[in-house]
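Accompanying notes for the structure given below.
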Amino acid sequence: MRLRRSRCLTCYWHDGTFVVHPHPHGTPTALHPAAAEILDAFEDWSTAAEAAEQLTHLTPDTVEEAVGALVSSGALLAHGGTAAHRDEEIAGRWGSWMPEASFFHYATQDVYDPPGAPSDGNPPAPGEVPAVASPDRAPGEDPVPLPPLFTEHPDVPLLLLPRRPAGLGAAFGQVLYERRTHRDFTGEPVPLETLAALLSAVFGPVDFIDCGRGALYRRTSPQGGSRQEIDAYVGALDVEGLDPGWYHYDGLRHGLELLTEGFTPAEAARLCAGQEWAARPAFLVVLAARLERMSAKYPTPRAYRVCLLDAGHLGQTFALTATALGLGPAQTGAFRDSEVAERCGLDNTGQVPLYVLAAGHPARAGRDAPPPAGVPAFGATTLLGR
Ligand SMILES: Cc1cc2nc3c(=O)[nH]c(=O)nc-3n(C[C@H](O)[C@H](O)[C@H](O)COP(=O)(O)O)c2cc1C
């Protein structure tokens, strides 16, 4: 039988053990690190005997035994088999996103019904998936303490924000269709009241619920398990009554905690990976996940997907709320992660930046606004792939 190493393969050490982890359908398997060398001999279709010829320091029996384990795990694929065909197809489709993106995607898929997992026949409680949510109490142990719901910086200056209700009376349909990403702004400062209204509507608690072990809070956006793992950090450039600098939005007290003074448009553009437009908004808002709030309840790595989805929900609510308040919203997935983390005082280990939002007074004829598509654009477009 001719075999080849799966193209969709990640090897790593976990708890001191070498693991060969093929995706999407392989089984993560703990093996001797020499397995990496054996896998290396299967770059192209080879028999075990041909591979053994390259591995002169290993006995043919050792190679044969390891090959058996690697075939069972899915790390070595048989020539002409459906698994090899699919492996080729996935490698082609994911291309330069491999291995990082495909590994994360496939290694965290289909986690709810692992093969052979017993089912108790009961549907999961609303919002909960018992197979992947950590138990509140391990047998014979005290409950795992839940991390604090809110982030605080007790030793920094606090500015309590105005609490006048936001002017959010604009018709929903109007807001929905008027929302656009803006990359040009008038430069007129944004009133502190407007920023305060935006922060409270998007990031502030709306109500508190009893999760059985204590309180959780909800926001205007849906958030996985209501863990509220995402904190908001404001980089103020041009907000009336707010010195330029970096602040943490304290949703519990509805205040801004001053983390570092000073912030310039040039730095904003730099943090946003050199995008010029990012120098023009009145403020940036960094969404950063405090991972323990999510992982304390959901130990499955799939929950990281939920953190990203949560950031997207907050981003959309931010964009709609900013629009309703007369601001122009923007957002970027391109930013210098480590520098953004440093600016927000995040350790970038347990608190990681995920998304950068921005807003300001929108310029009437936006410099970077894309023109409507005309006949030439449609002529150059494949509308339906057949
Ligand atoms: C997750 C995400 C990341 C984005 N990243 C960028 C970015 O890095 N730079 C940028 O100029 N626009 C970015 N945008 C804005 C999109 O280009 C914009 O949403 C798109 O062109 C559609 O325009 P609209 O928002 O006005 O509907 C991003 C949007 C989203 C949702």
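Which condition breaks for Tyr112 when tested against (1) surrounded by 15 or more Cβ atoms within 10 Å (Cβ to Cβ); (2) not assigned by TED's automatic domain parsing to the domain that holds His25?
Just one mismatch for Tyr112, condition (1).
For region 259-273, give me each residue that is surrounded by fewer than 18 Cβ atoms within 10 Å (Cβ to Cβ), more than 16 Å from the ligand (Cβ to nearest atom) and among the aliphatic types (A, V, I, L, M).
Within region 259-273, Ala266 is the sole residue that qualifies.
Tell me, which residue of region 274-298 that is part of a helix (DSSP H, G or I) and closer than 27 Å to Ala369 by Cα is farthest from the ligand (Cβ to nearest atom)?
Taking the candidates together, the pick is Ala279.
Take the residues in region 299-314 that are crowded, with 21+ Cβ neighbours inside 10 Å and of a type outside the set (Asp, Glu), then tell me which one is nearest to the ligand (Cβ to nearest atom).
The extreme case among them is Ala311.
Looking only at region 335-361, filter to residues that are of a type in the set (D, E, K, R) and free of Cβ contacts under 8 Å to residues at least 24 places away in the same chain; which one of those is farthest from the ligand (Cβ to nearest atom)?
Filtering first and then ranking leaves Asp347.
Given the options Thr181, Thr186, name the one that is among the β-branched types (Val, Ile, Thr) and more than 16 Å from the ligand (Cβ to nearest atom).
Result of the check over Thr181, Thr186: Thr186.
Restricting to region 160-197, what's the tally of residues that are touching a residue at least 40 places away in the same chain (Cβ under 8 Å) and part of a helix (DSSP H, G or I)?
Matching residues across region 160-197 total 8.
Would you check if there is a residue in region 243-255 being out of contact with any Gly (no Cβ under 6 Å at 6 or more places or on another chain), over 17 Å from Phe318 (Cβ atoms) and part of a helix (DSSP H, G or I)?
No.
On the basis of being over 24 Å from Leu158 (Cα atoms), away from the ligand (no atom under 16 Å from the Cβ), in contact (Cβ under 8 Å) with a residue 40 or more places away in the chain and touching a Lys or Arg at 6+ places or on another chain (Cβ under 8 Å), does Arg227 make the cut?
Answer is yes for this residue.
If you check Thr317, Thr323, Thr332, which single one turns out to be touching an Asp or Glu at 6+ places or on another chain (Cβ under 7 Å), within 24 Å of Thr194 (Cα to Cα) and either within 13 Å of the ligand (Cβ to nearest atom) or free of Cβ contacts under 8 Å to residues at least 40 places away in the same chain (or both)?
Thr323
Listed residues Arg183, Arg227; which is closer than 16 Å to Thr151 by Cβ and touching a strand residue (DSSP E or B) at 6+ places or on another chain (Cβ under 8 Å)?
Sole residue among the options that is closer than 16 Å to Thr151 by Cβ and touching a strand residue (DSSP E or B) at 6+ places or on another chain (Cβ under 8 Å): Arg227.
Is there any pair linking a residue in region 268-291 that is over 15 Å from Gly235 (Cβ atoms) to one that is within 12 Å of the ligand (Cβ to nearest atom) and outside any strand (DSSP E or B), with Cβ under 7 Å and at least six apart or on different chains, and which?
Glu276/Ala269
Among the candidates Gly187, Gly235, which residue alone is of a type outside the set (A, V, I, L, M), crowded, with 22+ Cβ neighbours inside 10 Å and in the same structural domain as Asp310 (by TED's automatic domain parsing)?
Gly235
Name every residue in region 129-170 that is polar (S, T, N, Q) and modelled with pLDDT under 95, in order of residue number.
Ser134
Is it true that some residue in region 237-257 is within 16 Å of the ligand (Cβ to nearest atom), within 21 Å of Ala196 (Cα to Cα) and β-branched (Val, Ile, Thr)?
Among the residues of region 237-257, not one is within 16 Å of the ligand (Cβ to nearest atom), within 21 Å of Ala196 (Cα to Cα) and β-branched (Val, Ile, Thr), which makes the answer no.
Could you list, in sequence order, all residues of region 332-386 that are loosely packed, with under 14 Cβ neighbours inside 10 Å and among the hydroxyl-bearing types (Ser, Thr, Tyr)?
Passing the criteria: Ser338, Thr349, Thr381, Thr382.
The values are calculated or read from the model by the stated rules, or taken from the named source; none is laboratory data. Only a predicted model underlies this, so the values are computations on that prediction, with no experimental measurement involved. Note that each Cβ is placed from the backbone with ideal geometry, even for glycine, and that neighbours are counted across all protein chains shown.
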